[in-house]
Amino acid sequence: MTALLQVSNLSVSYSLGGRSRPAVRDVSFTVDRGEVVAIVGESGSGKSTTAHAVIHLLSANASVDAGSIVFDGTDLTGLSRRAWREVRGRAIGLIPQDPTTSLNPVKRVGRQVGEPLVIHGLATRRGADARAVELLRLAGIGEPEARAKQFPHQFSGGMKQRALIATALAAEPQLVIADEPTSALDVTVQKQILDHIDTLATTLGTAVLLITHDLGVAADRADRIIVMQDGGIVETGAARQVLEDPQHPYTRALIAAAPGLRGTAARVSGRRSPTEPDASSRASVSTDAASPPLLEVTDLRKEFPLPGHDKLVAVDDVSFRIDRGETLAIVGESGSGKSTTARLALRLEKPTAGGIRFDGNDLVTASREELRALRRRFQLVYQSPFASLDPRFTIAEVIDEPLRAFGVDKAERALRVRELIDQVALPAGIASRRPAELSGGQRQRVAIARALALRPDLVVLDEAVSALDVSVQAQILELLAAVQRDVGVSYLFISHDLAVVREISDRVAVMQRGRIVEQGATAQVLGDPREEYTRRLIDAIPGSTLAARAA
């Protein structure tokens, strides 16, 4: 049987500074009807460039230098712009990586989800609006009728990604290119979305080209895996064969760095496992339960007004503490109140009720000047680095910004910027570049460097490693652990990735619908959960099936 997609000897390059730089070299692969093929590799390996070449969405400075792309018997490389409009959305759907920049901010979400149906004449406007509600429901969004009428800024990061998935699947295309489709989603919704994609592949014969840094997702979902490094394919084969018996050293390194594939007891070399505390690494940090915590949140509540006289209770009766040198992870589904709790803890939002004390200082009643002085001691790494980095600044200026804001000497600032760039494993030459020139993983490393610039006592990391490929994720987790060992910094770690949480955190708080339903030591909560909700989260961790077989 002829393959649905056949890519042969593909080579792609980018023109940067008047020079041509190869990004993809002599890549060949096929995708059969109803098959799920995953392309995995580090950021910059060429996997997203390959996917964008297939759907003819490369940037203006990119060129296909060689090779052919044949879809359903038609060579796509010679299609006109008009012909491509007929292919995209109808025959080939795309789930893009960054939901923040992929949704129109001035158009209601439901209209955007149903747009492919109208463009391709598959439904009237009224019919497309009705179908959009159903697609949002299938994508795991609650109250889809109301949500369809909202704008993207009223959606969480995970909800935006689900809306993009619903849009890509609207016209039931023959092939879906999923470029990191679940990186912003909590594990239970991730499982729902991937189950939905699997159902399409099975019932409609839809093929899936899955671009992912999450080897756990590839292990659970792909029929075949393609491993890319430096623009070329280094290994390919059946998913189980590649992951259980990898032949290439690079593949083995990726698997070793993937927390979801190593089992509950394994850990990255040199990093403390929460199930086996390293007393020496915490020797300088007081573990006396009676000592005052660095951060203490008590009976926290946050209400948001809704149209009419209704209100949304986003955080309800939340209490926790973080000691010096400790990592507390808050986990839960999208919309559970994790990020709102983090913003309240840093007083970026004002609570409706409750107390927040940082190193004995009352943040609720603190004046504007007092808060500014304290903010040097706590920093935030946002979920979306693209949205949080000023596109006009160079990378050096981005990292330098907090140092400049707090009056650090210019010479000291320059030295600190160079030190941070090296610390987060970025090349020295990146300092003069701008955020748009960096990959998603590189942008997130810049955001982490900026947060560490002032040597804070507390760093809040809101899904800070969710966009990173596994090897860079391992480097960042190593970095965070090393900084914690060296200076005793504390972390509030917001994440949907329980495999990462299991490795990085001392304690875990599980949130559901604005409330903490379970809280305790990481080994206890994730090893012997009391709540059914916690058990569902753990069961949905990608890659756990393969890890169990390997254990």
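The values are calculated or read from the model by the stated rules, or taken from the named source; none is laboratory data. The structure displayed is predicted, hence computed values, not measured ones. Quick reminder, even Gly has a Cβ in these numbers, built from the backbone with ideal geometry, and neighbours come from all protein chains shown. Surface accessibility is based on the protein's heavy atoms, side chains included, excluding ligands, DNA and RNA. Shrake-Rupley method; radii C 1.70, N 1.55, O 1.52, S 1.80 Å.
Antiparallel beta bridges, as assigned by DSSP with both residues in the range 374-524, represent about 40 percent of the total such bridges.
Where the accessible area of the chain is counted over protein heavy atoms with a 1.4 Å probe, how much of it, in %, is carbon and sulfur? Mind showing how you got there, number by number?
Numbers: 11530 of 23520 Å².
Solvent-exposed carbon and sulfur of the chain make up 49 percent of the total.
Projecting each Cα onto the charge dipole of the range 27-93 (Lys/Arg +1, Asp/Glu -1 at the beta carbon, about the Cα centre), which of Val27, Ile69, Ile39 comes out farthest on the positive side? Most positive-ward Cα: Ile69.
Where in the range 392-501 are there trypsin sites (Lys or Arg not before Pro) that are in a DSSP coil and have at most 12 other Cβ atoms within 10 angstrom of their Cβ? Show your work: numbers first, answer last.
Numbers: sites: Arg392, Arg404, Lys410, Arg413, Arg416, Arg418, Arg433, Arg443, Arg445, Arg450, Arg485; in loops: Arg392, Arg433.
Sites meeting the loop and neighbour criteria: Arg392.
The dipole here belongs to the chain: it is taken about the Cα centre, uses +1 on the Cβ of Lys and Arg and -1 on the Cβ of Asp and Glu, and is about 1360 debye. Accessible surface computed residue by residue for the chain, with neighbouring protein chains in place and a 1.4 Å probe, gives 43 Å² per residue.
Please list 364-373, 225-234 highest first by mean number of surrounding beta-carbon atoms within 10 Å per residue.
So the peptides 364-373, 225-234, ranked by packing, come out 225-234, 364-373.
Centroid-to-centroid, using Cα positions, the range 150-226 and the range 368-414 are 34 Å apart.
Assuming a ≥ b ≥ c are the square roots of the Cα gyration tensor eigenvalues, decide whether the range 432-476 counts as rounded (a/c under 1.5), prolate (otherwise, with a/b larger than b/c) or oblate. Oblate, since a/c reaches 1.5 and b/c is not below a/b. Within the straight-line cut-off of under 20 Å between alpha carbons, the aspartates and glutamates reachable from Lys311 are Glu143, Glu145, Asp299, Glu303, Glu349, sequence neighbours fewer than 8 places apart in one chain being disregarded.
Using helices alone, I'd like the mean residue ellipticity at 222 nm for the chain: each DSSP H run of four-plus residues gives -39500 (n - 2.57), total over residue count, nearest 500. Let's see the in-between values first.
On the way: 22 runs with 204 residues, N = 551.
The helix-only estimate for the chain comes to -10500 deg cm²/dmol at 222 nm.
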